[in-house]
Amino acid sequence: MSPRSSDFPFVSMLRAAFAAEAPYFVNSFDRAAAMFGEEWARNFEVTLRELLGAEPAVTAAVQGYADFAMDALRLHKRFEKTGEYEAKSYADASSEVYLNAGYMNDLYLPGIMLSHFLWPHHYRQRLFFEANFLPEMSAKAGSARFAEIGTGTGYYSRLALTRVADSRCDGFDISPSSAAYTRRQWQAFGVEERAALHLKDITREAPAGEFDWAVSVEVLEHLEDPTGFLAAIHRMMRPEGKAFITAALNAPNADHIYLYRHPDEVRRQLEEVGFTIEQYYFGSAYRPRTAGVPVPESAAFIVSRGEP
């Protein structure tokens, strides 16, 4: 590990838990540490300390991540052969994943939380968000009410709430487990008083024209109709609003339905509903072993609302 272990006790604790519970993933941990260095360790340390706070919780998170990542690896092996995701409806995904408290709490949520640091394309996406989206929010004093649609673990809304002093958040998710985890993260970082959470499907019921900013991270691939979802986000925003919207590409998972193969597919959908692309990030999880073999990727866009 590149950063000094004594300076980051929770990060060191996490690595020890990987070595004991899931040694297969120690190399992934070490690669991320070497790739991103002390800044990565500092950010990771804060998250682990505030959100988990004790060795049993760290060990449980490692076990959940290992199951989550192994499931993703299994599905990706199949995807390499078939070129398609396993057929699944949104109703099926909701039943099997979002409304399955055991799966969400034991595997899915800790897996996603740790992936923000252990998957290079995820960590680079965070850096893009912090460097290019949050400064714009901070510069618009008194105009920093934002919506996070699909809160997941509450990670991105927490970053915004802690970095932008006057910001206020309305979070939207359909999963009670995600809602509970999001609240836990907000509380751990002392920002819950500036945030409200709604168990609501925005494509069926959402406020119109209320938000200056919107954040939606890796939700589109979970949907049968991502364009309809993007149109709902567009309706929620004020005319001068801006949004940070991302999608996972070539990344099979238990609840991934819509297969994006290239970031231009996401771009076209964003523009179709009226968004204007201002900046974007595109990153791969790793180099393909063989030319032409798909690898998981992230595409993130900063967009302005524009006119419908």
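The values are calculated or read from the model by the stated rules, or taken from the named source; none is laboratory data. Every value quoted in this text rests on a predicted model; they were computed, and no experiment measured them. Cβ atoms come from the backbone with ideal geometry, glycine included; neighbour counts cover every protein chain shown.
Counting residues in region 205-225 that are crowded, with 19+ Cβ neighbours inside 10 Å, modelled with pLDDT of 95 or more, out of contact with any helix residue (DSSP H, G or I) (no Cβ under 6 Å at 6 or more places or on another chain) and of a type in the set (D, E, K, R) gives one or more.
Looking at this structure, is VAL46 more than 21 Å from TYR155 (Cβ to Cβ) and either hydroxyl-bearing (Ser, Thr, Tyr) or free of Cβ contacts under 8 Å to residues at least 24 places away in the same chain (or both)? So VAL46 fails the test.
Flag not set for ALA34, criterion: modelled with pLDDT under 95 and either crowded, with 17+ Cβ neighbours inside 10 Å or of a type in the set (A, V, I, L, M, F, W, C) (or both). Cβ-Cβ contacts under 6 Å between residues 6 or more apart (or on different chains), taken from a first residue in region 155-184 that is over 23 Å from ASN100 (Cβ atoms) to a second residue that is surrounded by fewer than 16 Cβ atoms within 10 Å (Cβ to Cβ) and at pLDDT below 95, are listed as VAL164/SER138. Can you tell me which of ALA72, ALA61 is in contact with a Leu (Cβ under 8 Å, 6 or more places away or on another chain) and not aromatic (Phe, Trp, Tyr)? Sole residue among the options that is in contact with a Leu (Cβ under 8 Å, 6 or more places away or on another chain) and not aromatic (Phe, Trp, Tyr): ALA61. Within region 67-117, restricting attention to residues that are of a type in the set (Gly, Ala, Ser) and under 22 Å from GLU297 (Cα atoms), the residue that is surrounded by the most Cβ atoms within 10 Å (Cβ to Cβ) is GLY111. Within region 37-88, if we keep just the residues that are among the small types (Gly, Ala, Ser) and touching an Asp or Glu at 6+ places or on another chain (Cβ under 7 Å), the residue that is farthest from GLY292 (Cα to Cα) turns out to be GLY64. Within region 218-235, the residues that satisfy the criterion of being out of contact with any Gly (no Cβ under 8 Å at 6 or more places or on another chain) and part of a loop (DSSP other than H, G, I, E, B) are LEU223, GLU224, ASP225.
Being within 18 Å of the chain's Cα centre (by Cα), modelled with pLDDT of 95 or more, among the β-branched types (Val, Ile, Thr) and crowded, with 24+ Cβ neighbours inside 10 Å: is that true of THR182 here? Judged against the criteria, THR182 is a match. When each of GLY283, GLY274 is tested for being over 23 Å from PHE79 (Cα atoms) and surrounded by 13 or more Cβ atoms within 10 Å (Cβ to Cβ), the lone residue that passes is GLY274. Among residues of region 286-308 being of a type in the set (A, V, I, L, M, F, W, C) and touching a residue at least 12 places away in the same chain (Cβ under 8 Å), the one that is surrounded by the fewest Cβ atoms within 10 Å (Cβ to Cβ) is VAL293.
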